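Here's the structure we're looking at; comments come further down.
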Amino acid sequence: MPHFWPWLSSLPADPDAQALQTFASTVPAGTWPATSNNLRDYYNVVAGAAAGPSRDVALMALGRLYERWLDGRGSGAPLPGGRPGLGVIALVIAGLVMAAVIVWGVFISRSFLGFMAQPDHARGLITFLFSFATIGIFVLVAIAVFWLPPPEVEVRFRNAKDLITILVGVLGTVIGFYFGTAATSGTPLSVTALTIPKSVAAGDKATISGRAAGGAGGYQCEIQISPASAIDAKTIDCKVSSDGQISAELPIPDIKTQTELSVKVIVRDGRGSEVDSPEAKLTVTPK
């Protein structure tokens, strides 16, 4: 990759290169660091000159040109032996990660699309991703202000302000809508159409069905049994489909005496809300 000043001298038609070369011709002989690749050397010479329009133009041109040189590009074309900058590498990695997530969610995972079809889950995921990305950009800009050399900060921060203004406006709208509607939207969580057999023979299975409705979706359920000693389990997990359909098979041990069990279905939604069904009596009869 060519050194900075020889590379800059090969851009005769570039306005920034012309402005910086014109300024370099005005400084005392021997003070211009034409053999250096260090931005600080050039900045010290430009910043040490008398204040004026030419110095301000030279500072702005120096920042833009040095950034292009670091990226290995001159007028948009790769330089011989140039390498992509860290920003390009980061963008490529981020793109590959996003592509992998999309492929996994659409073609591999069986539950991702169903999960995203639920408005509360999709809204929460979008809010998290946008907030995370926006805060990340804020942190990068804050670090750049204190870390990068002043000429680069002046150029980059001017463009970053426009992006930050847009992101803050969108972020405020997204978060305001999410938290403003999350607590008031939807209907109360409930268990409907619950079917529990009144009796079952010892050693068989009792089939329990019903439907979870309302709440935030993402249902989970369990069956609570009393007395627990009768079947060696206090609670038994049950399945809830994406549309809220509850199904479970309650295994009944080979009890030798007739026993009456109290059965209750407990359903929780994605926000942690919980509702219990009324207790139903299940009589186990020995074979």
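The values are calculated or read from the model by the stated rules, or taken from the named source; none is laboratory data. Because the structure is a prediction, the values reported are computed rather than measured. Cβ placement follows ideal geometry from the backbone for every residue including glycine, while neighbour counts extend to all protein chains displayed.
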Report summary line: So, first residue at pLDDT 90 or above in region 258-279, second residue aromatic (Phe, Trp, Tyr), Cβ within less than 8 Å, six or more apart or across chains; the pairs are VAL267/TYR219
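Filtering region 109-130 down to residues that are under 27 Å from GLY169 (Cβ atoms) and aliphatic (A, V, I, L, M), which residue is surrounded by the fewest Cβ atoms within 10 Å (Cβ to Cβ)? Spell out how you get there, then give the answer.
The first filter runs over region 109-130 and keeps only residues under 27 Å from GLY169 (Cβ atoms), leaving 116, 119-130.
Filter again for aliphatic (A, V, I, L, M), leaving 116, 122, 125-126, 129.
Working: MET116: 13, ALA122: 12, LEU125: 12, ILE126: 13, LEU129: 10.
Checked region 109-130; the qualifying residue surrounded by the fewest Cβ atoms within 10 Å (Cβ to Cβ) is LEU129.
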Report task. Could you tell me whether region 206-215 includes any residue that is touching an Asp or Glu at 6+ places or on another chain (Cβ under 6 Å) and among the basic types (Lys, Arg)? Result -> no
Report task. Tell me which residues, restricted to region 227-246, are polar (S, T, N, Q) and without any contact (Cβ under 8 Å) to a residue 40 or more places away in the chain. Result -> SER229, THR235, SER241, GLN245
Report summary line: Residue hits (region 221-260; out of contact with any strand residue (DSSP E or B) (no Cβ under 9 Å at 6 or more places or on another chain), closer than 14 Å to ASP204 by Cα and surrounded by 13 or more Cβ atoms within 10 Å (Cβ to Cβ)) are none
Report summary line: Apart from one, (1) at pLDDT below 90; (2) under 24 Å from GLY114 (Cβ atoms); (3) among the hydroxyl-bearing types (Ser, Thr, Tyr) all hold for SER209; the odd one out is (1)
Query raised in the report: When only residues in region 159-178 that are closer than 13 Å to ILE126 by Cα and in contact (Cβ under 8 Å) with a residue 12 or more places away in the chain count, which is surrounded by the fewest Cβ atoms within 10 Å (Cβ to Cβ)?
Result: VAL170
Query raised in the report: Got a number for residues in region 261-274 being under 20 Å from GLN220 (Cβ atoms), crowded, with 19+ Cβ neighbours inside 10 Å and more than 31 Å from the chain's Cα centre (by Cα)?
Result: 2
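Hey, among ARG110, ARG123, which residue is part of a loop (DSSP other than H, G, I, E, B), under 21 Å from TYR219 (Cβ atoms) and not assigned by TED's automatic domain parsing to the domain that holds SER242? Before the answer, list the steps.
Values: ARG123 fails: part of a loop (DSSP other than H, G, I, E, B).
Result: ARG110 is the single residue among ARG110, ARG123 that is part of a loop (DSSP other than H, G, I, E, B), under 21 Å from TYR219 (Cβ atoms) and not assigned by TED's automatic domain parsing to the domain that holds SER242.
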Query raised in the report: With (1) part of a helix (DSSP H, G or I); (2) at pLDDT below 75; (3) more than 28 Å from TRP5 (Cβ to Cβ) as the list, and GLY87 as the residue in question, which single condition is left unmet?
Result: (3)
Requested in this report: Taking only region 11-53 into account, find how many residues are touching a Lys or Arg at 6+ places or on another chain (Cβ under 7 Å) and among the acidic types (Asp, Glu).
Outcome: 1
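ARG64: at pLDDT 75 or above and touching a strand residue (DSSP E or B) at 6+ places or on another chain (Cβ under 9 Å), yes or no? Quick ask: steps written out before the conclusion?
On the way: at pLDDT 75 or above: yes; touching a strand residue (DSSP E or B) at 6+ places or on another chain (Cβ under 9 Å): no.
No, not satisfied.
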Query raised in the report: Here is a list of conditions, (1) of a type in the set (Gly, Ala, Ser); (2) surrounded by fewer than 17 Cβ atoms within 10 Å (Cβ to Cβ); (3) modelled with pLDDT of 65 or more, and GLY81 meets all of them except one; can you say which number that is?
Result: (3)
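Kindly provide the set of residues from region 251-279 that are among the aliphatic types (A, V, I, L, M) and in contact with a Pro (Cβ under 9 Å, 6 or more places away or on another chain), ordered by number. Can you show your working first?
Step one: of region 251-279, the residues among the aliphatic types (A, V, I, L, M) are 252, 255, 261, 263, 265-267, 275.
Of everything in region 251-279, those that are among the aliphatic types (A, V, I, L, M) and in contact with a Pro (Cβ under 9 Å, 6 or more places away or on another chain) turn out to be ILE255, LEU261, VAL275.
Which residues, taken from region 185-208, are of a type in the set (A, V, I, L, M) and surrounded by 16 or more Cβ atoms within 10 Å (Cβ to Cβ)? If you could, list the steps in order and put the result at the bottom.
Initial filter on region 185-208 (of a type in the set (A, V, I, L, M)): 189, 191, 193-194, 196, 200-202, 206, 208.
Matches in region 185-208: LEU189, VAL191, LEU194, ILE196, VAL200, ALA202, ALA206, ILE208.
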Report task. Mind counting the residues in region 275-285 that are surrounded by 12 or more Cβ atoms within 10 Å (Cβ to Cβ) and over 13 Å from LYS205 (Cα atoms)? Result -> 4
Report task. Filter region 111-139 for residues that are touching a residue at least 40 places away in the same chain (Cβ under 8 Å) and either under 17 Å from MET98 (Cα atoms) or in contact with a strand residue (DSSP E or B) (Cβ under 8 Å, 6 or more places away or on another chain) (or both) and give the result. Result -> ILE126, THR127, PHE130, SER131
Query - Residues within region 261-275 that are under 30 Å from ARG123 (Cα atoms) and touching a strand residue (DSSP E or B) at 6+ places or on another chain (Cβ under 6 Å), tallied - result: 6
